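The values are calculated or read from the model by the stated rules, or taken from the named source; none is laboratory data. Quick caveat: nothing in here was measured; it's all calculated off a predicted structure. So basically every Cβ, Gly included, is an ideal-geometry build from the backbone, and we count neighbours across all protein chains shown. Surface accessibility is based on the protein's heavy atoms, side chains included, excluding ligands, DNA and RNA. Shrake-Rupley method; radii C 1.70, N 1.55, O 1.52, S 1.80 Å.
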Amino acid sequence: RRVHGENLMQANNERRLSSNSSDESSSATSVVGDPVDSLVRRTQSLSFSHISQHVRLFSNTVKSRMSSFKPTQADLDEMAWECVTMVSLSGFLLKLGHQRKSWKRRWFVVKNEFLSYSLKPGDQPIGLVKLNCQLRHHFNEPDHVIHLEFSDGRELSLDAVTSEKATEWIATLTEAISWAKRQNNRNRHYSNMMRSQSSIQFNTMSSSPSSCPSPPALPPLPDLFDFEEEMAAEAERLSKLDKISLLDLVKRLTLPSGATASFAKQFLSTYHLFTDGFQLLEMLKERYLIEPDEEWPEPKKGRFLSLVQFPIRLRVYNTLRMWFELYPKRFDSQLISETLKFLEDETDARLIRASTGLLQGLKTKLLGFSVTEEVDLFPTVDVQPNTSILSFTDSQIASHMMHVEHALFRKIIPNELVGTKTTSHKAIISQFEKTSCWVGMLILTESNPKQRLLLVSRMIAIAEQSLRLKNFNGVKEIVSALRDHPVQRLKKTFEDLPRDKSLALKNLSEIVADEAGFSAMRAALRREQPPCLPFVGMYLTQLSHANDILDTVVDGLINFKKCESIANILQVIIALFCDEFVM
């Protein structure tokens, strides 16, 4: 009985297998002539054996299509360019609203032919447009306003705030718009090609893979994916170096991704500690003349020109502009001539707009028209010791002192306070000594005790008015005279001072005291809104200490940490009295 049952099961299995094979052959006959997308849809409801048969037919169909299409070298180049991101830029811009005509700050990102924007970096985009548009600029608007006009009548208005930033965005958007046009042309070309290929009949194709011709061997894509990684690695390496060569400093200053504004200011304010203007200009020239390798394929050369060469050249122009605008007195006639020769001989067609302003400024300075002497509205006057001040109010005297000293402060070149033999700060030091000596002599030469007491009270009141005017240098001048040893010997006069004047003198002395590196005066300066007139001796002491404690060049490498500390002190000085006082 068991043997009989096994024979029945074997017979049933053979019958089932024969029926399956007949179904497979019939289904194979019915799908040989189907298109590829029909084959894919049919596999969703078939058994495993049917799916295997359809996979073989799908492979044969693809090979047949590949054999009928032989790409040209131009097609292969287009494929290589399509595999990489050719245009890339991101940053904050101001965007004009479509309904509410107000400017709002948005984070914009350009990727190939697309422009997207979000509230801040990392957020999901709230707008995305394909750059099938034209770039426009209205003549009655500033040069940093950009307009994108689309074929459907829409207009996107952007504001880059500065001309340098606008130049970079205009160049990138121009490339992105060209990239979008190439994409559209290529898509139309491939659509036409595929429509012509769709007329091929697949029903004559054999189901055997071996009978189909093999597809043509495509050349390997060129190595186009390394520039972003190399630039990011180079930027990270340079940012971590405490002791660095001059060449690496120039590279960091002109990175394609852009150097920070703080680093650029630190470098330009302290480069005279380890080099001169002519050597710096030569290194910027070498950086500008960077070229791709001649052995690279054309797609890789194009990517290098777009992502590396053009941004570096733009950074060189921005560095020269910042150098000239912040420190024009460092450009003598010879350095200006060398810079003009470089700009006129090596002007990139993509950077004509960026170089126009710089060329004009250098030519104007070379001709001597941009050099104007400052006229002091309140010239310094030597006051005789017997001059009476009782005919002037406290505010008048304090205001005059502030204007005289502010005019002298404006003549100081902050970055030359260290590492040079400049005498731009000698005038304010001399004025400090004259004013302090005048206050002391005015008190000591007065023989009448009551008149002497009145003079001391007036001087304390003038110091209080100077503090209200944020003239800490004037406060230090008067307090130094009142705390001088010969004046302090007048004990009877100071004992008879009114209580409010005694407390005011004590408070003023604590503010300008030199304990703990003038910590009280520094705290008071931080609480005030610039412009202020600080005591310049406080910063001269700090700069001298920072310059002498460490060497600038060690084993041929620059100690840029020292330069950073010096530059930070100089930036504080510039921020305090770079603006005009408003009375």
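General observations
- On the stretch given as the range 268-308, residues that are small (G, A, S) and under 23 Å from A176 (Cα atoms) total 2.
- Matching residues, the range 274-289, being open to solvent by 20 Å² or more (accessible area, probe 1.4 Å) and within 17 Å of L343 (Cβ to Cβ): F278, E282, M283, K285, E286, R287, L289
- Some residue of the range 204-220 being assigned to a helix (DSSP H, G or I), at pLDDT 85 or above and exposed (fewer than 15 other Cβ atoms within 10 Å of the Cβ): no
- Pairs with Cβ under 7 Å, 6+ apart, first in the range 482-500 and over 17 Å from G440 (Cβ atoms) and surrounded by 11 or more Cβ atoms within 10 Å (Cβ to Cβ), second at pLDDT 90 or above and among the aliphatic types (A, V, I, L, M): D496/L453
- Number of the exception - N415 against (1) modelled with pLDDT of 85 or more; (2) open to solvent by less than 20 Å² (accessible area, probe 1.4 Å); (3) not β-branched (V, I, T): (1)
- Test for R105: is it without any contact (Cβ under 8 Å) to a residue 40 or more places away in the chain, within 25 Å of G357 (Cβ to Cβ) and open to solvent by 40 Å² or more (accessible area, probe 1.4 Å): no
- Within the option set S90, S157, S178, S118, being at pLDDT below 85, out of contact with any Ser or Thr (no Cβ under 9 Å at 6 or more places or on another chain) and not charged (D, E, K, R) holds for one residue only, S178.
- The residues of the range 90-100 that are open to solvent by 20 Å² or more (accessible area, probe 1.4 Å) and either touching a Gly at 6+ places or on another chain (Cβ under 6 Å) or in a loop (DSSP other than H, G, I, E, B) (or both), listed by number, are H98, Q99, R100.
- Among the residues of the range 292-317, the ones that are of a type in the set (D, E, K, R), touching a Leu at 6+ places or on another chain (Cβ under 9 Å) and open to solvent by 10 Å² or more (accessible area, probe 1.4 Å) come to 3 in all.
- For the range 158-172, the set of residues classified as of a type in the set (G, A, S) and either in a loop (DSSP other than H, G, I, E, B) or closer than 15 Å to V109 by Cα (or both) consists of A160, A166, A171, listed by residue number.
- Residue in the range 529-544 that is at pLDDT 80 or above, in a strand (DSSP E or B) and in contact with a helix residue (DSSP H, G or I) (Cβ under 6 Å, 6 or more places away or on another chain) present: yes
Results for (1) on the phi > 0 side of the Ramachandran plot; (2) of a type in the set (A, V, I, L, M), shown as yes or no for each residue.
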| position | (1), (2) |
| --- | --- |
| L444 | no, yes |
| V456 | no, yes |
| K470 | yes, no |
| V479 | no, yes |
| K491 | no, no |
| N507 | no, no |
| E510 | no, no |
| A546 | no, yes |
| T552 | no, no |
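- Within the range 514-560, the set of residues being hydroxyl-bearing (S, T, Y) and open to solvent by 30 Å² or more (accessible area, probe 1.4 Å) comprises S519, T541, S544.
- On inspection, F494 fails the criterion of being of a type in the set (F, W, Y), at pLDDT 85 or above and closer than 21 Å to I412 by Cβ.
- Test: residue in the range 501-508 that is of a type outside the set (D, E, K, R), farther than 22 Å from P449 by Cα and at pLDDT 90 or above: yes
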